[in-house]
Amino acid sequence: MRYGWFLLLLLPLALSPFPFYLTLLNFFALSGLVALSLYVLTGLGGMTSFAQAAFMGVAAYATALLAKGTGLSPWAGLLLGLLLTLAFALVLGLLTVRLKGHFLPLSTIAWQVALYILAGNLVGLTGGHTGLTDLPALVLLGLPLDTPFRYAFLSLFLLALLVLALYNLRESRLGRALLALRGDALTAASFGVDPAALRLKAFLLAGGIAGLAGFLYAHFLRFVNPTPFSLEASIKYLVMAVAGGVGTIPGVLLGAALFTGLEDWLKDLLPLLLGRQGNYETVAYGLVLAGILLLAPKGVYPFLARFSPKGEGRLSKAEPLPLPTPSGTPGEVVLEAQGLKKAFGGLLAVNGVSFALRRGEILALIGPNGAGKSTTFHLVTGAIPPDGGRVFLFGREITGLPPHRIHPLGLGRTFQHPHIFPEMTVLENAALATYARTRAGFLRVLFGLHREEEARALATAYQALKRVGLEDLALEAASRLTAGQQRLLEIARLLASGAEILLLDEPGAGLRAGEKRELAHLLKALAREGYTVLLVDHDMDLVMGLADRVVVMNYGEKIAEGTPKEVQRNPLVRAAYLGEVEAA
Ligand code: ADP
Ligand code: MG
């Protein structure tokens, strides 16, 4: 199916009598490459870059200068161009990917503008705005690619190849992790994804793709000047990707096709309409984008795709990844919190809380709303660093470690409000959890060498869905799940992750009575199988029939600990809960 993209290579044959359209076809392919770089960055990774044209420019000038200066083959220029773009992307990425909100796009703008000014002003090196002319043509297998017809085969071939590679990426642990990062970095990190490292790699990949496009651009026109690498150009690429549908591969390509056509058309039309020359295209793009996004907020392609039959998903028949075999003795302490403290401003949310979780038990952490249970959870799982106290997992201190380092040690968590990724299928949501148990890196994934591992990851996810009874919904979009099903999916995710210790924050919230009973049943069964469970709830009834032991918190402090019966009789606990009832 996907190999169908190589049918693009027939287009030059069809258009061969029309040299002008062959040129447009090349521009489409080059824009398509840049738009695909934005699919990686924005569509998958949720980052915005206004510097893709600058990355193109770095590679374009690199190959131009190398060719003019040394007479080496342009293919050496490709190597140099890619290395330089990656180096630039690395520097910019290291400086910015940790930044939140608008800082990343703003710094890419600064970078883009700075490089553009440099290209225009280092006249001795770059030829300034006149640029560098007479670049050599690319030669492939002895054939000079010196006509748009010939060139189109190369540019379209690379485009189709990249499409395949990016489908591989989308259907991999890295694609899922990027999508998860875009949705909610903390959840991604709780399954072992290192947000900063993965964002940086996506940034590098996107930079490299733009670099490839810049190289092809330079040797297609055989001339470079700063204009095509300006901020306007970067905006144009962003606009085309977003208008087409930046979250999908066909979408960004559709955007590239539409805007390549539109650009050409506007160049003729605008001067006629406005009666003067000038770069009014950018304004027109803005209007077109606004119009499209009003009508189809996710872009043209997702809008059209709604009307077409649903794509088929695949279930894997591969052998699931091996389950971890709990090795310790029942009853030993696996997780220990000592004197945890956390203040939010003047509010002591958690004040000196200690408890120990023992292998194979279900320990409940209960207390009225606002008691500090979720905060305690966040402290134990690394989601927020404690102000004081220590945490030990399997006897090893994990205080202050980030979630993505804690998870692989065998701890999985859910959230008070389900953190499900609606743009992924139920199966993919579960498969995200296998991230820390799988290894394929970007190179392996892009070349499709991860498929065996991927099949096992999907099989693992499917098995976990079966365990909680969601297997029939595996290929549905996760957005279609009910609140109860989302809770189950979160548990399935934990099972797929291979964690032995399950930390559940209010798993019963939003469930109906029947669903709660089933949940309790499932948790008990899991505990019998060797899982250790710490669950937070304020619902006394759910906890009483389920937990082996109970820790009670109120106003940030532990006020009682014991069996359900013991704490139920405890006057302090009764007072805390009665207080809540009276207040309610
Ligand atoms: P619980 O889960 O027991 O209902 P939480 O741990 O969520 O309680 O909250 C404990 C207290 O800390 C509450 O008073 C809550 O308002 C406050 N709190 C929790 N998180 C934050 C935060 N990020 N910033 C400020 N206050 C917070
Ligand atoms: Mg809570």
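The values are calculated or read from the model by the stated rules, or taken from the named source; none is laboratory data. Computed from a predicted structure; not experimentally measured. Reconstructed Cβ throughout: ideal geometry from the backbone, glycine too, with neighbour counts over all protein chains shown. In case anyone asks, the SASA skips ligands and DNA or RNA and just uses the protein heavy atoms, side chains included. Shrake-Rupley method; radii C 1.70, N 1.55, O 1.52, S 1.80 Å.
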Discussion item. Exactly one condition in (1) touching a residue at least 60 places away in the same chain (Cβ under 8 Å); (2) out of contact with any helix residue (DSSP H, G or I) (no Cβ under 6 Å at 6 or more places or on another chain); (3) over 15 Å from residue 62 (Cα atoms) is false for residue 116; which is it?
Written reply: (3)
Item to complete: Kindly provide the set of residues from region 328-355 that are open to solvent by 70 Å² or more (accessible area, probe 1.4 Å), within 16 Å of residue 410 (Cβ to Cβ) and under 34 Å from the mean Cα position of the chain (by Cα), ordered by number.
Response: none
Discussion item. Considering only region 428-445, I want to know if a residue exists there that is out of contact with any His (no Cβ under 7 Å at 6 or more places or on another chain), among the acidic types (Asp, Glu), under 23 Å from residue 358 (Cα atoms) and open to solvent by 10 Å² or more (accessible area, probe 1.4 Å).
Written reply: no
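Within region 369-382, how many residues are more than 7 Å from ligand 1 (Cβ to nearest atom) and open to solvent by less than 30 Å² (accessible area, probe 1.4 Å)?
The total comes to 5.
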Worksheet entry | Checking residue 478 against (1) surrounded by fewer than 18 Cβ atoms within 10 Å (Cβ to Cβ); (2) aliphatic (A, V, I, L, M); (3) modelled with pLDDT under 95, the condition it does not meet | (1)
Worksheet item: Cβ-Cβ below 6 Å, separation at least six or inter-chain, first residue in region 500-514 and away from ligand 2 (no atom under 11 Å from the Cβ), second part of a strand (DSSP E or B) and of a type in the set (S, T, N, Q): which pairs?
Response: 501/532
Worksheet item: Condition test on residue 358, is it touching a residue at least 60 places away in the same chain (Cβ under 8 Å), more than 16 Å from ligand 2 (Cβ to nearest atom), within 30 Å of residue 566 (Cβ to Cβ) and more than 22 Å from the chain's Cα centre (by Cα)?
Response: yes
Fill in: Among the candidates 80, 115, 141, 84, residue that is more than 19 Å from residue 225 (Cβ to Cβ) and either surrounded by 14 or more Cβ atoms within 10 Å (Cβ to Cβ) or touching a His at 6+ places or on another chain (Cβ under 8 Å) (or both)
80
Worksheet item: Can we say residue 393 is more than 9 Å from ligand 1 (Cβ to nearest atom), buried (at least 18 other Cβ atoms within 10 Å of the Cβ), modelled with pLDDT of 95 or more and over 23 Å from residue 538 (Cβ atoms)?
Response: yes
Response to the item:
Turns out the helices (runs of 4 or more DSSP H) fully within region 187-274 with at least 3 residues that are open to solvent by 20 Å² or more (accessible area, probe 1.4 Å) and touching an Asp or Glu at 6+ places or on another chain (Cβ under 9 Å) are 249-274
Worksheet, complete the sentence: Per the list (1) farther than 14 Å from residue 214 by Cα; (2) open to solvent by less than 60 Å² (accessible area, probe 1.4 Å), residue check on residue 63 breaks on (1)
Worksheet item: Out of region 368-404, which residues are more than 28 Å from residue 437 (Cα to Cα) and within 16 Å of ligand 2 (Cβ to nearest atom)?
Response: 368, 369, 370, 371, 372, 373
Worksheet entry | Checking residue 422 against (1) under 20 Å from residue 376 (Cβ atoms); (2) away from ligand 2 (no atom under 16 Å from the Cβ); (3) not β-branched (Val, Ile, Thr), the condition it does not meet | (1)
Worksheet item: Which of (1) out of contact with any Phe, Trp or Tyr (no Cβ under 9 Å at 6 or more places or on another chain); (2) assigned to a loop (DSSP other than H, G, I, E, B) is the odd one out, the single condition residue 114 does not satisfy?
Response: (2)
Worksheet item: So residue 211 clears everything in (1) under 25 Å from residue 75 (Cβ atoms); (2) in contact with a Pro (Cβ under 9 Å, 6 or more places away or on another chain) except one condition, right? Which one?
Response: (2)
Practice prompt. Taking the residues in region 543-584 that are over 15 Å from residue 371 (Cβ atoms) and of a type in the set (S, T, N, Q) as candidates, determine which candidate is modelled with the lowest pLDDT.
Written response: 568
